[in-house]
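Any read-out appearing in this document is the output of simple, stated calculations on the displayed coordinates, not a laboratory observation. Please read all numbers here as calculations on a predicted model, not as lab measurements. No Cβ is skipped: glycine too gets one built from the backbone with ideal geometry, and neighbour counts run over all protein chains shown.
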Amino acid sequence: TYVVTDNCIRCKYMDCVEVCPVDCFYEGENMLVINPSECIDCGVCEPECPAEAILPDTENGLEKWLELNTKYSAEWPNITVKGEAPADADAMKGVEGKLEKFFS
Ligand code: SF4
Ligand code: F3S
């Protein structure tokens, strides 16, 4: 599966939702997550994300993100249509420690 990681927090560009063939993105206030049990591993969303937030969970150290994507995709509503990114999305791109500071 692919997972959404901290680079999405407060960037939330939503380009990813438009390309997913199985509509497996879920929307929180500050970020999106992927439902790992619905993701078919096609990989098309990865290059679409301007913040480089989407990664295959086979990369090292992504266990916590797999857990977070699993947990919140069960709680948050499905999203299939791109909305408006936050006004300061570009300024938030690549900022460190976003999980600790901004995730709620
Ligand atoms: Fe959707 Fe494919 Fe991305 Fe999985 S890898 S979330 S199926 S676009
Ligand atoms: Fe987030 Fe990138 Fe999608 S910033 S909302 S994973 S396009």
Worksheet item: Quick one: how many residues across the range 43-75 are more than 10 Å from ligand 2 (Cβ to nearest atom) and on the phi > 0 side of the Ramachandran plot?
Response: 2
Worksheet item: Any idea which residue in the range 90-104 is surrounded by the most Cβ atoms within 10 Å (Cβ to Cβ), counting only those that are more than 15 Å from the chain's Cα centre (by Cα) and of a type in the set (A, V, I, L, M)?
Response: Val95
Discussion item. Kindly evaluate Pro50 against the criterion of being under 20 Å from Ala91 (Cβ atoms) and either out of contact with any helix residue (DSSP H, G or I) (no Cβ under 6 Å at 6 or more places or on another chain) or in a helix (DSSP H, G or I) (or both).
Written reply: yes
Item to complete: Determine the pairs where a residue that is of a type in the set (Lys, Arg), located within the range 44-64, has a partner that is surrounded by 14 or more Cβ atoms within 10 Å (Cβ to Cβ) with Cβ atoms under 9 Å apart, the partner being 6 or more residues away or on another chain.
Response: Lys64/Leu99
Worksheet item: Condition test on Ala87, is it over 13 Å from the mean Cα position of the chain (by Cα), more than 14 Å from ligand 1 (Cβ to nearest atom) and small (Gly, Ala, Ser)?
Response: yes
